[in-house]
Amino acid sequence: MNSEILKLIESGQLDQAREALAGASDADSLYLLGRLEWKAGNRAAAISAYNASAQAMPGGPGEIALEQARRVMEFYNHDLYNP
């Protein structure tokens, strides 16, 4: 994984990270793209990137992140919607 891109994502410098990831197609870069999109609030794009990463490297960080993203998206708290 590219630690410099990860630092950009974690520090909120998403535009710079997006530029660095432009055209990337390896599993680690796709995983980082998923993290970037999740942080930006683009859930569908993040899940798509995680899925591509998981297909490129089964059992890698993309697959783990994909499962976590699905759990977050499936969460439903009845108390929040039915006070």
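Here, each number is a calculation from the coordinates, and none is a lab measurement. The structure presented is a predicted model; accordingly, all values stated were derived computationally and were not measured. Because the Cβ atoms are built from the backbone with ideal geometry, glycine has one as well, and the counts that use them run over all protein chains shown.
Side notes on the structure shown:
- Residue within region 67-81 that is surrounded by 14 or more Cβ atoms within 10 Å (Cβ to Cβ), in a helix (DSSP H, G or I) and hydroxyl-bearing (Ser, Thr, Tyr) present: no
- Counting the residues of region 56-66 that are outside any helix (DSSP H, G or I) and on the phi < 0 side of the Ramachandran plot gives 3.
- Remark: pairs (first residue in region 32-59, closer than 21 Å to Lys7 by Cα and in contact (Cβ under 8 Å) with a residue 12 or more places away in the chain; second residue among the polar types (S, T, N, Q) and in a helix (DSSP H, G or I); Cβ separation under 7 Å; 6+ apart in sequence or on different chains) = Gly34/Ser53.
- Against the numbered list (1) touching a Gly at 6+ places or on another chain (Cβ under 9 Å); (2) farther than 22 Å from Ser25 by Cβ; (3) not aromatic (Phe, Trp, Tyr), Glu74 comes up short only at (1).
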